[in-house]
Amino acid sequence: MRPFARLRYSPGLAAVLVQNVSKVFRLYRRPADRIFELLPFRNRAHADFWALSNVSVAVERGEIFGVVGPNGSGKSTLLEIVSGILRPTNGRAVTEGRVAALLELGAGFNPEFTGRENVFINGEIMGLGRAQIERAFPRIAAFAEIGEFIDRPVKEYSSGMYVRLAFAAAIHVEPDVLIVDEALAVGDAMFASRCVQKFEELKQRGVTVLFVSHDLGLVKRLANRAILLVNGRVEAEGSPKDVVNRYVGLVVERQKRPPEGNGEARLASSFRHGDGASEILKVELLNGAGEPATVILTGEQVTARVVARFRQDVSDPIVGVLIRNRLGIDVFGTNTRVERKDLGEFRAGERIEVDFRFECLLTQQEYTITAATQHWDGSSQDWLDDVLSFRVVDSKGAAGVASLPTELSWRKVPR
């Protein structure tokens, strides 16, 4: 079977199906070694680099799927295989319907042709008729907003102009699957905002989006699911919040996790990391009556309490909390250093209890609390992502995240 195939729509079939895909690249010390290796009785002159190893992913129709991971982890290689640019060494990648790919900057457009010419060529490659492209072209030009440069050679474009036109062309060819590889990072803030809105629109239309991004907030905001790639392998798969937490934990983790087995039940969290100088024993949210609660009223005085025990002698530790909404976006965070509270010296075995009291000015939705103990330089002792969840009830029904106290006045203005 071909490693890459186009399929017609079938009920229940994943829009993108990657099965046990591996990709190896041959690395040569010198270009001449490629020729010498072809000679009879020559020893192997290359080293194998496995960019992907047994990666399996199924992306459903209409799903926005994020791929995160450090540089060199195989993210771009995976998208190039899915889009058909590369053939996998092992396994297969199958897509359904029309696929539009926006990969590395500079790919896809002929630099000698104008923007208009490249749009028409790109559309014809995607299987659109000239009449279809002509109907879509005004929308493409309006979205790209490059003005008269649409009739100038692409080689004269800035990187931002190039990616605006490339993205506009990709989303207006009516794709069934859109593949984007970090190309939007070169756009300005206004263009990035329009792209986010466009992703939401594509999602509503049932278009499948597979994208790579180092903007973890964007992944948490847009994606339905995500994977973490590390050294060509899938290290985590699931909700964007959990995958991003796992990724952040891997980045900041410098030493082994705190040792297990202290005789007490360890708190559950989506990801936990730190050097083990202290251990968080309890995190709870207290309502206005001082009782543990999972449902809070907007405007209610609440207390986030963190209890920790020190495993080592520690000087000037930091204790903090972070509130996230259901999309995993940071809403509010503070710690003892931000609040200008120096905690002093602690001996191994001593405990600390810190109360963060504040007025809950949040709108009605679900939130989580992340708690952490840190050294003065910000490195983690014990960090627990999303260790506690709670729901805010708001009779006011305000929009957004914050429910700010508002005074309203009005008057009728005569004509």
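Values quoted throughout were computed directly from the atomic coordinates according to the rules given, and no laboratory measurement underlies them. Here the structure is a predicted model, which means the values were calculated and not measured. Virtual Cβ from ideal backbone geometry, glycine too; neighbours counted across all protein chains shown.
A Förster distance of 51 Å, applied to the separation of the beta-carbon atoms of VAL196 and GLU291, puts the FRET efficiency at 0.80. Annotation: the residues ILE125, ILE179, sorted from fewest to most other C-beta atoms within 10 Å of their own C-beta, follow the order ILE125, ILE179. Only helices enter the 222 nm calculation for the chain: every DSSP H run of n ≥ 4 contributes -39,500 (n - 2.57), and dividing by all residues gives -6500 deg cm²/dmol, rounded to 500.
Neighbours of CYS360 by Cβ distance under 10 Å: Lys/Arg scored +1, Asp/Glu scored -1, total -3. Under a model in which nothing but the beta-carbon of Lys, Arg (+1) and Asp, Glu (-1) is charged, the range 4-248 shows a dipole of about 640 debye around its Cα centre. Across the alpha-carbon set of the range 70-209, the Rg to Rh ratio works out to 0.95, Rh being the Kirkwood radius. With contacts taken as Cα pairs under 8 Å and at least 6 residues apart, the chain reaches a relative contact order of 14 percent. For GLU63, the amide hydrogen comes within under 5 Å of the amide hydrogens of VAL209, counting only partners 5 or more places away or on other chains and with H modelled in the peptide plane. Rg ratio for the range 339-389: its Cα radius of gyration over 2.2 N^0.38 Å, N being its residue count, equals 1.43. Across all Cα pairs in the range 4-248, the calculated P(r) in 10 Å bins from zero up to the longest distance comes to 7, 29, 33, 21, 8, 1, 0 percent per bin. Where both bridge residues fall in the chain, DSSP classifies roughly 75% of the beta bridges as antiparallel. Any chance you could count the Lys pairs in the chain whose alpha carbons are under 19 Å apart, treating pairs 8 or more apart or on different chains as valid? Counting lysine pairs in the chain gives 7.
Residue ranges 243-251, 402-410 sort as 243-251, 402-410 when ordered by packing (mean number of other C-beta atoms within 10 Å per residue, highest first). Using the empirical formula 2.2 N^0.38 Å as the baseline, the Cα radius of gyration of the chain reaches a ratio of 1.21. Note that the range 92-163 carries a Kirkwood radius of 13.1 Å, evaluated over its alpha carbons pair by pair.
The residues neighbouring ASP386, those whose beta-carbon lies less than 13 Å from its own, together hold a net charge of +2 under the Lys/Arg +1, Asp/Glu -1 convention. Once Rg and the Kirkwood radius are both taken over the C-alpha atoms of the range 261-393, their ratio Rg/Rh works out to 0.96.
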